[in-house]
Amino acid sequence: MKADEVLTAHHDVLRGLLRDLAETTDAETERRRQLRDELLRQLEIHTQIEDELFYPAVRNVSPLLSLAHAEHRQIDDQLATVMRMAVDDPEFVPEVRMLEKTLRHHTMEEEQRMFPHSHALGEDRLEELGEQLRARQHELARSGGMRLIIRLKRATLRLTPTAGPS
Ligand SMILES: [Fe+2]
Ligand SMILES: [Fe+2]
């Protein structure tokens, strides 16, 4: 699989999790918690493989890198808001929908603009990069280190007070 195909397949996973999460009801607290944790896990993996492998590889063929990094930070901030909320909060779904909108915009931009730019790297390089992305994705999904990062991040998010007027 080429790099853009690996990332597009993972985008489908992320978009599916957000859609499922947005469709839960306030009473489905356990399912909401599970979907949210899985979303956090998959988003961490996705951001990490792009930041570590894909973005550096396309740095010279796409002008969209700084925009993409800024959007990753925005997604991270909106995810932090969702992580801090009680799962039965009536504002939970509206927040998830806002995150979904940002993520849809970002992934479409990658698929429609950045990935076509990446084709300048050539078929062989894209295949090689695709294998690296897939290997790293599976490694992170298995690794205890990743689980630790997620646990720590989750704990940090829950301890950080929500910013806003006091
Ligand atoms: Fe991205
Ligand atoms: Fe992406």
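The set of residues in region 21-60 being assigned to a loop (DSSP other than H, G, I, E, B) and away from ligand 2 (no atom under 16 Å from the Cβ) consists of E23, T24, T25, D26, A27, E28, N60.
Residue-wise test of (1) of a type outside the set (V, I, T); (2) closer than 30 Å to R31 by Cβ; (3) over 17 Å from the mean Cα position of the chain (by Cα); (4) within 14 Å of ligand 2 (Cβ to nearest atom).
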position	(1), (2), (3), (4)
S66	yes, no, no, no
H69	yes, no, no, yes
D88	yes, yes, yes, no
V93	no, yes, yes, no
E110	yes, yes, no, yes
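(1) closer than 20 Å to F115 by Cα; (2) within 15 Å of ligand 2 (Cβ to nearest atom); (3) free of Cβ contacts under 8 Å to residues at least 40 places away in the same chain: which one isn't true of G16, the others all being true? Single failed check for G16: (1).
What number of residues within region 1-13 are in a helix (DSSP H, G or I) and out of contact with any Leu (no Cβ under 6 Å at 6 or more places or on another chain)? So the answer is 9.
Within the option set M83, M114, being within 18 Å of D12 (Cα to Cα) and either assigned to a helix (DSSP H, G or I) or hydrophobic (A, V, I, L, M, F, W, C) (or both) holds for one residue only, M114.
Quick check on this structure: which one of I49, I45 is at pLDDT below 95 and touching a helix residue (DSSP H, G or I) at 6+ places or on another chain (Cβ under 6 Å)? Working first, answer last.
Values: I49 fails: at pLDDT below 95.
Being at pLDDT below 95 and touching a helix residue (DSSP H, G or I) at 6+ places or on another chain (Cβ under 6 Å) holds for just one of I49, I45, which is I45.
Checking E100 against (1) open to solvent by 50 Å² or more (accessible area, probe 1.4 Å); (2) closer than 16 Å to L21 by Cα; (3) of a type in the set (D, E); (4) within 15 Å of ligand 2 (Cβ to nearest atom), which single condition isn't satisfied? So E100 meets the others, but not (1). Would you mind stating whether E123 is open to solvent by less than 50 Å² (accessible area, probe 1.4 Å) and either in contact (Cβ under 8 Å) with a residue 12 or more places away in the chain or over 18 Å from the mean Cα position of the chain (by Cα) (or both)? Taking the combined requirement at face value, the residue does not satisfy it. Of all residues in region 131-154, those that are closer than 16 Å to M83 by Cβ have Cβ atoms under 8 Å from Cβ atoms of residues that are hydrophobic (A, V, I, L, M, F, W, C) and assigned to a helix (DSSP H, G or I), 6 or more apart or on another chain, in I150/L40; K153/L40; R154/L40; R154/M83.
Go through region 76-128 and count every residue that is over 18 Å from F54 (Cα atoms), within 16 Å of ligand 1 (Cβ to nearest atom) and of a type outside the set (D, E).
Our first condition is that a residue be over 18 Å from F54 (Cα atoms); within region 76-128, this holds for 76-102, 104-105.
Remaining after also requiring within 16 Å of ligand 1 (Cβ to nearest atom): 76-79, 99-102, 104-105.
Keeping just the survivors that are of a type outside the set (D, E) gives 78-79, 99, 101-102, 104-105.
Adding up the residues that qualify gives 7.
The values are calculated or read from the model by the stated rules, or taken from the named source; none is laboratory data. Everything quoted here is computed from the prediction, not taken from an experiment. Positions of Cβ are backbone-derived with ideal geometry, glycine not excepted, and every protein chain shown enters the neighbour counts. Just the protein is used for accessible areas: all its heavy atoms, side chains included, with ligands, DNA and RNA removed. Shrake-Rupley method; radii C 1.70, N 1.55, O 1.52, S 1.80 Å.
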